[in-house]
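First comes the structure, then the notes that go with it.
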Amino acid sequence: MRSHTGVFIGHLLFAAVCLSGAPVFLLVGYYALPDHPGWDWPALVFALGLVCTAMIPVTAITATRQSYPRITRRDRVKKASHPYRDDTFVMWAPKSEQGHPQAQLVRADVLEASLVHYSPDGESTFTTHGGNYTPDEFTPLMRLRMRVHDGEGIEGFEVTGECRVPSLCLSAITAGRLAVLVGPERPGAQRRITPQWPSSALLAGTRTWRVIDLEGRTSDVTRRVDRQLRQMRISREAGGIPLTGDTLDLRHLDPHTAARYAALADRPEDQAPVSEPGEEARRLADQLPGEQGAFGSVGRRWSRRGGVLVRARFLEMRARTTFQDHGPVLDTVLRIRPVDGTPPFDASRRLTVPMDYLTALHRTKEVVLAVSPNGISYDVDWARSSLLAGVTAATVITPDGQELPVTGRPDLIWALMNLLAAHGISVTTPVLDLRKRRMHTVAGAVLHMVRDHVEPRTCA
């Protein structure tokens with residue numbers, strides 16, 4: 001990832017080229033002013049040149065903040081309107097098609113998934129669309145093979161087809177659980193299947209979900225799939241009670257609907273698995289754009305002056321209508337825990353979130369931040385975040401050529417990242433090869449961390 005200074009200089013040069021005529025206007029107006037006192041054309045030309053010249057650094061600063069994922073003091077949430085718990089994750093995703101009025105809401109398990117088409121031509125620039133919708137060019141087209149569960153008057157069946165999946169809800173595909181509307185049976189035609197993407201993210205466990213009963217007690221319903229489906233059906237029958245946020249308070253509903261919701265609490269249910277069996281057949285991270293995972297680059301000056309890494313957690317993601325080729329631009333809230341022992345704080349920041357990272361949201365919401373030596377700014381490191389989240393496979397190669405896979409061990413990967421950062425060693429790939437000369441100083445410590453936790457394999 002480029003440094004903040006490098007990104008700023010690039011935008012500054014670009015703005016200077018685009019507004020290259022501003023200094024010329026400034027000079028022409030300045031030298032012509034003595035001959036034309038008052039508000040004559042030289043004064044107007046001088047004012048125009050002055051304004052356009054001042055816009056060069058302002059434009060560069062604004063563009064850098066938009067494109068570079070840095071969190072500063074100005075992003076801190078002063079007073080949270082909703083005090084999020086540490087394990088909360090709220091997702092505000094685009095609405096789905098409502099389907100036929102007589103359609104039934106049932107569960108569908110994704111058996112296989114593959115990318116059919118995703119090829120926007122924005123060349124990594126920011127593209128904003130009017131209205132409240134997600135354009136097709138920024139919505140990946142997927143081919144899904146699903147097993148639709150039984151419903152009232154519906155016998156379970158398999159179906160294969162193509163559909164657009166909002167990038168914010170990609171983790172529902174990886175997890176393998178969807179909420180779909182099954183249309184009424186039509187003679188000689190297949191029933192229409194309409195995925196409900198925000199509800200699918202809830203069913204997949206990507207979104208957290210709690211219910212406050214009529215006595216004010218809170219129960220966690222996250223990944224209680226049967227209860228969630230019944231709640232969704234009640235909401236649909238009651239005219240569309242919005243199941244947004246992370247909590248449903250029954251005390252705010254009409255008595256009849258609240259009683260129907262409360263009756264569901266009498267059905268004990270274990271949590272469903274994080275992901276349904278066969279996740280490899282629907283793994284999308286390798287097919288979607290994003291930044292390749294890596295143990296991370298280290299600036300020598302940053303390392304010598306005491307820069308450190310910290311882990312943060314997303315508490316909220318809200319969809320917008322701005323996109324880049326490798327991911328949507330989202331309004332996010334993160335909880336950051338400083339390493340110096342000071343209390344954690346929340347930060348609200350607009351970020352471009354890579355699509356391959358979004359496929360893993362059902363498993364983790366953690367990201368890695370590089371903290372400036374003075375502790376003022378935090379840079380989101382997507383390469384390290386992808387490796388920590390398991391989006392990219394992580395491997396350690398020992399001095400004698402043994403391959404030690406460490407994917408799926410976030411605490412171990414985190415310890416290795418910090419060890420490399422403390423020694424000022426950059427590893428810009430997901431493979432930590434201890435056979436390289438520059439790794440000799442940390443080889444012993446790395447082996448000590450991983451030897452007792454992984455099964456070695458011979459590396460050619």
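The values are calculated or read from the model by the stated rules, or taken from the named source; none is laboratory data. All figures in this text were calculated on a predicted structure; none of them were measured in a lab. Ideal geometry is used to build each Cβ from the backbone, glycine not excepted, and the neighbour counts take in all protein chains shown.
Quick notes
- Residue match in region 111-119 (condition: surrounded by 14 or more Cβ atoms within 10 Å (Cβ to Cβ) and either at pLDDT below 85 or within 26 Å of residue 234 (Cβ to Cβ) (or both)): no
- Residue within region 341-356 that is hydrophobic (A, V, I, L, M, F, W, C), within 26 Å of residue 441 (Cβ to Cβ), in contact with a strand residue (DSSP E or B) (Cβ under 7 Å, 6 or more places away or on another chain) and not assigned by TED's automatic domain parsing to the domain that holds residue 199 present: no
- Residue list for region 192-206, filter: assigned to a loop (DSSP other than H, G, I, E, B) and touching a Ser or Thr at 6+ places or on another chain (Cβ under 8 Å): 196, 204, 205, 206
For every residue, the table says whether it meets (1) touching a residue at least 40 places away in the same chain (Cβ under 8 Å); (2) at positive phi.
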| site | (1), (2) |
| --- | --- |
| 266 | no, no |
| 283 | yes, no |
| 292 | yes, no |
| 301 | no, no |
| 309 | yes, no |
| 329 | yes, no |
| 336 | yes, no |
| 341 | no, yes |
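- Criterion applied to 223, 236 was being surrounded by 15 or more Cβ atoms within 10 Å (Cβ to Cβ) and part of a loop (DSSP other than H, G, I, E, B), and the one residue passing it is 223.
- Look at (1) assigned to a loop (DSSP other than H, G, I, E, B); (2) at pLDDT 70 or above; (3) more than 30 Å from residue 209 (Cβ to Cβ) and you find that residue 99 fails only one, number (3).
- Qualifying residue in region 138-145 (condition: at pLDDT 95 or above and in contact with a Gly (Cβ under 8 Å, 6 or more places away or on another chain)): yes
- Condition check for residue 265: part of a helix (DSSP H, G or I), touching a strand residue (DSSP E or B) at 6+ places or on another chain (Cβ under 8 Å) and surrounded by fewer than 17 Cβ atoms within 10 Å (Cβ to Cβ): yes
- Selected residue [without any contact (Cβ under 8 Å) to a residue 24 or more places away in the chain, in contact with a helix residue (DSSP H, G or I) (Cβ under 6 Å, 6 or more places away or on another chain) and assigned by TED's automatic domain parsing to the domain that holds residue 163] from 189, 179, 201, 238: 238
- Flag for residue 143 being farther than 18 Å from residue 229 by Cα and either without any contact (Cβ under 8 Å) to a residue 24 or more places away in the chain or assigned to a strand (DSSP E or B) (or both): yes
- Test: residue 363 is in contact (Cβ under 8 Å) with a residue 24 or more places away in the chain, over 18 Å from residue 450 (Cα atoms), within 21 Å of the chain's Cα centre (by Cα) and surrounded by fewer than 21 Cβ atoms within 10 Å (Cβ to Cβ): yes
- Checking residue 212 against (1) within 23 Å of the chain's Cα centre (by Cα); (2) over 22 Å from residue 148 (Cα atoms), the condition it does not meet: (1)
- Search result, residues across region 239-250 that are closer than 16 Å to residue 210 by Cα and outside any helix (DSSP H, G or I): 241, 242, 243, 244, 245, 246, 247, 248, 249
- For residue 349, the stated conditions do not hold, so it cannot be described as surrounded by fewer than 18 Cβ atoms within 10 Å (Cβ to Cβ) and either of a type in the set (Lys, Arg) or assigned to a strand (DSSP E or B) (or both).
- Output for region 278-301, where each listed residue is surrounded by 15 or more Cβ atoms within 10 Å (Cβ to Cβ), under 19 Å from the mean Cα position of the chain (by Cα) and in a helix (DSSP H, G or I): 282, 285, 287
- When residues of region 57-86 are limited to those that are under 16 Å from the mean Cα position of the chain (by Cα) and in a loop (DSSP other than H, G, I, E, B), the one modelled with the highest pLDDT: 69
- For first residues located in region 103-120 and outside any strand (DSSP E or B), partners that are of a type in the set (Ser, Thr, Tyr) and lie 6+ apart or on another chain with Cβ distances below 7 Å form the pairs 103/194.
- Residues in region 270-326 that are acidic (Asp, Glu) and farther than 23 Å from residue 115 by Cβ were compared, and the one that is modelled with the lowest pLDDT is 270.
- Residue that is touching a residue at least 60 places away in the same chain (Cβ under 8 Å) and more than 18 Å from residue 282 (Cβ to Cβ), where the choices are 194, 206, 174: 194
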